[in-house]
Amino acid sequence: MDTPPTTALDRLAGLTADLPEAPSPQEVERVAAAVRAAALDGASTDQIATVGTLSVRWVEELLGDSSANG
């Protein structure tokens, strides 16, 4: 039985699901890296924000392009 490959969005969802309410700087950086990876995989800002339960504005600021709504 083959399992589907894990996507950047899957990894982001897993990271943010376990994130405490007040994450450490290291946890924030891991989420930021996962957001960048998802964007490189072609995910839109809205997809990233929804999957990661993140603010669209934060994702846009992180990616440095507020027009990246894909």
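The numbers here are math on the coordinates, done by the rules we state, and not lab data. Note that the structure is a prediction, hence the values are computed from the model and not measured. FYI the Cβ positions are ideal-geometry reconstructions off the backbone, even for glycines, and counts take in every protein chain you see.
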Spin-label pair Arg36/Glu61, simplified geometry with 7 Å Cα→Cβ offset, distance in nm: 1.8 nm
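Multiplying the sequence separation of Asp18 and Thr53 by 0.36 nm and subtracting their Cα-Cα distance, what value in nm do you get? Let's see the in-between values first.
On the way: separation 35, 0.36 × 35 = 12.60 nm, distance 1.15 nm.
Between Asp18 and Thr53, full extension yields 11.4 nm more.
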Point-to-point label distance, Glu27-Ser44, nm (Cα→Cβ direction, 7 Å offset): 3.0 nm
Cα-based Rg / Dmax (Å) for the range 16-56: 10.1, 29
From phi via Karplus (6.51, -1.76, 1.60), per-residue ³J(HN,Hα) for the range 25-39 in Hz, x at Gly/Pro: x, 5, 5, 4, 5, 5, 5, 4, 5, 5, 5, 4, 5, 5, 5
